[in-house]
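Below: one structure, written as structure tokens.
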Amino acid sequence: MEVKLCATGDVEEASMIQISLPGRLPVAVYRVEGEFFVTDDTCTHGKASLADEGELEGHCVTCSWHDGKFDIRTGAALCLPCNTPIRTYPAIVRDDVISIELE
Ligand code: FES
């Protein structure tokens, strides 16, 4: 099932926003060099929101709680204390709307 998240204009370049979804944890939508990426928003180490509390530098998001880092393209955990990757979703961009496919 395709789920609409936001308009492309809602996400500024080099920034991220949190999107709440009914019945599941929120996702984070990122815009880097004009490209969009989507991951789960909740850090895999604790319960921090990456979009609301983290910092984005290039394709790396840093969790503000304990400085864990993830690559938003692959979800790879880049440094301790995070060792569990974060889930990523291919961003579907159509008519200036960003969506993801959810089962
Ligand atoms: Fe994100 Fe600990 S909660 S690094």
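General remarks:
- Of everything in segment 48-63 that is without any contact (Cβ under 8 Å) to a residue 40 or more places away in the chain and in contact with a Leu (Cβ under 7 Å, 6 or more places away or on another chain), the residue that is nearest to the ligand (Cβ to nearest atom) is Cys63.
- Once segment 20-29 is narrowed to residues that are among the small types (Gly, Ala, Ser) and loosely packed, with under 15 Cβ neighbours inside 10 Å, the residue that is nearest to Cys82 (Cα to Cα) is Ser20.
- Top-ranked residue in segment 30-80 [being of a type in the set (A, V, I, L, M) and part of a strand (DSSP E or B); ranked as most open to solvent (accessible area, probe 1.4 Å)]: Leu78
- Filtered by the rule that a residue be open to solvent by 60 Å² or more (accessible area, probe 1.4 Å) and not polar (S, T, N, Q), segment 3-19 gives Lys4, Gly9, Asp10, Glu12, Glu13, Ala14.
- Subset of segment 81-103 [in a loop (DSSP other than H, G, I, E, B) and open to solvent by 90 Å² or more (accessible area, probe 1.4 Å)]: Asn83, Arg87, Pro90, Asp95, Asp96, Glu103
- Cβ-Cβ under 8 Å pairs, at least 6 apart or on other chains, segment 9-32 side at positive phi, far side assigned to a strand (DSSP E or B): Ala14/Arg31; Ala14/Val32; Ala14/Leu56
The values are calculated or read from the model by the stated rules, or taken from the named source; none is laboratory data. What you see is a predicted model, and the numbers here were worked out from it, not measured in a lab. No Cβ is skipped: glycine too gets one built from the backbone with ideal geometry, and neighbour counts run over all protein chains shown. The area values use the complete protein model at the heavy-atom level, side chains included, leaving out ligands, DNA and RNA. Shrake-Rupley method; radii C 1.70, N 1.55, O 1.52, S 1.80 Å.
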